[in-house]
Each structure stands twice: as structure tokens, then as C-alpha cells.
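**Q** I have a structure I would like to understand better, so I am pasting it below and will then ask my questions one at a time.
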Amino acid sequence: MIKKDERWHENYKQLYSYVVEHHQFPDKKKVENRRLLNWWKYNKKCIKEGKLDDDRVKMLDELSQ
């Protein structure tokens, strides 16, 4: 389970860095950003289904503001 948590946080850091640098979420038209975009979309789906813990929801919400 720890590895899964580490992977989630690593992906979050990459998404955070991308948003800070580009002032937007990854664009689906750019192949090099597709993995990160898919990760973001998967997490949004998990939020809607209530499957993501509150701390992670808060982190992603703060990023989208």
C-alpha cells in the first residue's frame, strides 16, 4: 500500500509542477502530457464516485483553483 501512496504523491507532484509552469492542466492534444492528463481524469472520476480520501480531494481541489 505504501508504494501505491508514493506513486499517487509522485503523480500529484508532477501535475502540480505542470500546472504551476503552464498555468493550466495538461492538454489532451499533446501526447507527452497524456499520461498525466489521464491520471488527473481518473482522480476526478474517483472524486465523483466518493472513492478518494478527503486529504487527496482537498489537494486536487486546491490545485484546480
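The values are calculated or read from the model by the stated rules, or taken from the named source; none is laboratory data. If you're wondering where the values come from, they're calculated on a predicted model, not measured in any experiment. Cβ sites come from the backbone with ideal geometry, for glycine too, and all protein chains shown count toward neighbours. Remember, those area values only see protein heavy atoms, side chains included, never the ligands or the DNA or RNA. Shrake-Rupley method; radii C 1.70, N 1.55, O 1.52, S 1.80 Å.
**Q** Which three extents, in angstrom, do the Cα atoms of region 1-49 have along their principal axes, listed largest first?
**A** Sorted largest first, the three principal extents are 32, 22, 18 Å.
**Q** So, with a 1.4 angstrom probe, what is the percent of accessible area on the chain that is carbon and sulfur?
**A** For the chain, the apolar C and S fraction of the accessible surface comes to 50 percent.
**Q** Also: Please work out how much length the chain gains when fully extended from Tyr16 to Lys51, using 0.36 nm per residue of separation minus the C-alpha to C-alpha distance, in nm with one decimal.
**A** 10.5 nm
**Q** Assigning unit charges at the beta carbon (Lys, Arg +1; Asp, Glu -1) and nothing else, what dipole magnitude in debye, to the nearest 20, does the chain show about its Cα centre?
**A** 440 debye
**Q** If the limit is 23 Å between Cα atoms, which of Lys3/Lys29; Lys13/Lys41; Lys4/Lys29; Lys29/Lys51; Lys29/Lys58 go over it?
**A** The answer is Lys3/Lys29; Lys4/Lys29; Lys29/Lys51; Lys29/Lys58.
**Q** Treat each spin label as a single point 7 Å out from the Cα along the C-beta direction, and report the Arg7 to Asp61 distance in nm.
**A** For Arg7 paired with Asp61, the spin-label model returns 2.7 nm.
**Q** So how much accessible area does Leu63 have, in Å² to the nearest 10, using a 1.4 Å probe?
**A** Estimated to the nearest 10 Å², Leu63 gives 20 Å².
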